[in-house]
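Data first, discussion second: the structure below is written as structure tokens.
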């Protein structure tokens with residue numbers, strides 16, 4: 001029986017809504033789909049799981065299915081599994097005779113259907129652009145964020161031109177800090193800066209937005225909050241303290257905002273969103289989820305573009321909000337920021353517009369650790385394939401990892417980037433077979 005895997009596996013990170021079927025956790029693991037072609041019969045897709053918390057040969061997953069070990073990833077030692085019945089079907093099609101023993105207590109669970117009962121009527125991008133621009137005008141960039149950018153190598157003109165601002169603390173945080181100060185307890189430097197901030201309170205900022213635009217429904221980040229004090233609703237916005245950054249569509253409109261959250265080591269970058277669903281009710285077959293933020297809205301996953309004042313034929317594709325500003329300012333090249341290396345579908349939709357704007361060459365500049373990160377490398381290869389099919393000439397940006405992880409680190413330190421032709425780059429890497 002002749003067979004082969006065709007193309008590259010389609011890999012996705014697990015999420016809160018789609019956790020790892022084996023360990024049940026919302027992070028660190030992956031799912032992937034590989035397509036096989038056979039001498040006899042149609043092509044078939046097979047699903048595999050990369051679980052970093054499991055090393056057993058056979059395991060009953062949190063989803064109720066039974067999984068068997070397939071291999072260990074050469075890149076990072078992650079265990080790759082597949083569901084036992086799929087393994088039997090795949091081996092049969094491959095002509096492999098192998099008996100797979102299944103635990104006697106193995107029972108397949110039927111997952112309940114997940115139903116969203118939340119309204120999420122996203123406002124037109126024109127309204128979002130107007131609201132967000134005025135919102136950013138009302139915000140100030142606090143000293144700690146200004147100093148952080150300066151220490152990274154940003155000059156004053158870059159800082160002022162970035163449109164980056166600071167998200168003030170919420171009312172509860174402010175009241176707790178005031179109580180702590182009145183009690184005589186010593187406040188940290190960060191807590192002191194939160195109390196002595198330049199920004200207005202969230203409520204006052206939201207009031208100004210409401211007076212100018214009225215109903216803010218459909219603008220991600222804003223929602224109606226109920227006041228027990230006067231039994232009325234008022235507009236405010238979500239998110240932790242941090243530095244907030246605009247995201248532009250290909251036409252230059254601000255479609256959304258990203259926040260680099262302060263005082264956290266994991267998941268530093270988050271969408272400015274007012275959408276968080278929790279279980280509202282359920283029956284034997286269905287679960288109903290509702291947004292906890294009244295009149296709130298989620299931010300659609302989308303690529304952000306920045307273009308220099310002078311037309312360029314080159315577009316740099318990278319991952320990172322700050323990287324995008326540095327590439328445009330320091331190199332004079334257009335730059336597309338992909339919020340998650342696998343989330344490049346928008347750029348495919350924008351191909352005709354990019355060509356119309358004169359873009360002929362694509363420079364892919366993912367972080368230097370991609371050689372050790374299977375997920376990033378796989379996403380890069382899929383992007384390359386899509387861009388080649390669209391007719392672009394492709395180069396890969398490279399640098400010594402000692403100079404920095406991201407392209408912004410290298411440029412801000414005054415070092416140069418090497419641009420490797422695609423064919424030379426592909427000949428230099430090994431694509432791992434599943």
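Bear in mind these aren't lab numbers, they're just calculated from the coordinates by the rules spelled out. Computed from a prediction, not measured in an experiment: that's the story for all the values here. Cβ sites come from the backbone with ideal geometry, for glycine too, and all protein chains shown count toward neighbours.
Numbers at a glance
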| quantity | calculated |
| --- | --- |
| Helix 84-94 vs. the chain, principal-axis angle (Cα, 0 to 90°, nearest 10) | 50 degrees |
| Ordering of 406-417, 180-191 by packing [mean C-beta count within 10 Å, highest first] | 406-417, 180-191 |
| Projected-area mean, region 238-393, by convex hull of Cα positions, square nanometres | 12.2 nm² |
| Nearest 10 degrees, 0 to 90: helix 374-389 Cα axis against the chain principal axis | 90 degrees |
| For peptides 359-370, 392-403, sequence by mean Cβ density within 10 Å, most packed first | 359-370, 392-403 |
| Folded to 0 to 90 degrees: helix 202-213 orientation relative to the chain principal axis, Cα | 90 degrees |
| Within the chain, helix-based [θ] at 222 nm, where runs of 4 or more DSSP H residues each add -39,500 (n - 2.57), nearest 500 | -8000 deg cm²/dmol |
| Cα centroid separation, region 248-272 to region 352-409 (Å) | 21 Å |
| Longest to shortest principal axis, alpha-carbon extents of region 304-428, angstrom | 38, 31, 25 |
| Mean Cα-pair separation over length for the chain, i.e. relative contact order, pairs under 8 Å, 6 or more apart, % | 11 percent |
| Percent breakdown of C-alpha pair distances by 20 Å bin, ordered from the shortest bin, for the chain | 21, 50, 27, 2 |
| Region 229-311 shape via C-alpha gyration tensor axes, a/c threshold 1.5 | prolate |
| Intensity falloff of region 168-221 expressed as log10 I(q)/I(0), Debye formula with alpha-carbon point scatterers, at q = 0.23, 0.24, 0.27 Å⁻¹ | -0.88, -0.92, -1.06 |
